[in-house]
């Protein structure tokens, strides 16, 4: 089955999962032109939220894609503490869930730096452009260089008269 | 008009070519695409990304066959 990121995010949102879209897909929402092949979210790793996340994905056969046997995602109130991040593969795309973002901090800080966008009637929290630039600079990966360049240009296009200094 | 000429014309039309926009042009970013995206809604950007991703996945699948 091919990827469908909006469907994935819609499921999470409908299930009441507390999350913020971060990473490359947040850049796409802000107007970046590249194609990203996974969705990164930062979420509250509380047991209740992880259980909602697990239930919302259940129909999509989620597995831990970094484990050798692609172990099935089975979150329970007993085992949730062992996870700091989840790198999942589902029937409709890869989903990475992290609890902390470099340069920003934990979920609470990430949520504060987010904005709510409306996509076809679905309200999604997406990391704000300034925070996204900050996070990508903090990660300092060569592959983020173009994203940073694009995001800074997008920011300038939005505010042509603002002096950056 | 070739895409190179079009890009150049759009770039020239930016009345205030700031450092960030020049940096993107120098990096090789097609600024006309960023301008076009900036005029789209969030939903439209996500929809177009989905189309591009589906195309990439189809091409990859074709290459594997």
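FYI, it's all coordinate maths here, none of it is from the lab. Since this is a predicted model, take the numbers as computed values, not measurements. Neighbour counts are summed over all protein chains in view; Cβ atoms, including those assigned to glycine, are modelled from backbone coordinates with ideal geometry.
Data overview
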quantity: Chain A - mean residue ellipticity at 222 nm from DSSP helices (-39,500 (n - 2.57) per run, n ≥ 4, rounded to 500); calculated: -10500 deg cm²/dmol
quantity: Packing-based exposure ordering (other Cβ within 10 Å, fewest first) of A:99, B:41; calculated: B:41, A:99
quantity: Ranking of A:119, A:17, A:63, A:22 by count of other Cβ atoms within 10 Å, fewest first; calculated: A:63, A:119, A:17, A:22
quantity: Antiparallel %, DSSP beta bridges [both residues in the protein assembly as shown], to 5; calculated: 80 percent
quantity: Over segment B:26-65, equivalent-ellipsoid semi-axes from the Cα gyration tensor in Å; calculated: 25, 16, 5
quantity: Helix A:5-14 axis, angle to chain A major axis (alpha carbon atoms, nearest 10°); calculated: 70 degrees
quantity: Chain A: angle of helix A:47-57 to the longest principal axis, Cα-based, in degrees nearest 10; calculated: 90 degrees
quantity: Whole-Å distance, taken between Cα centres, linking segment A:101-129 and segment B:35-65; calculated: 22 Å
quantity: Radius, Kirkwood style, for the protein assembly as shown when every pair of distinct Cα atoms is counted (Å); calculated: 18.8 Å
quantity: Cα pair distances of segment A:101-165 binned at 5 Å [whole percent]; calculated: 4, 16, 21, 21, 22, 13, 3, 0
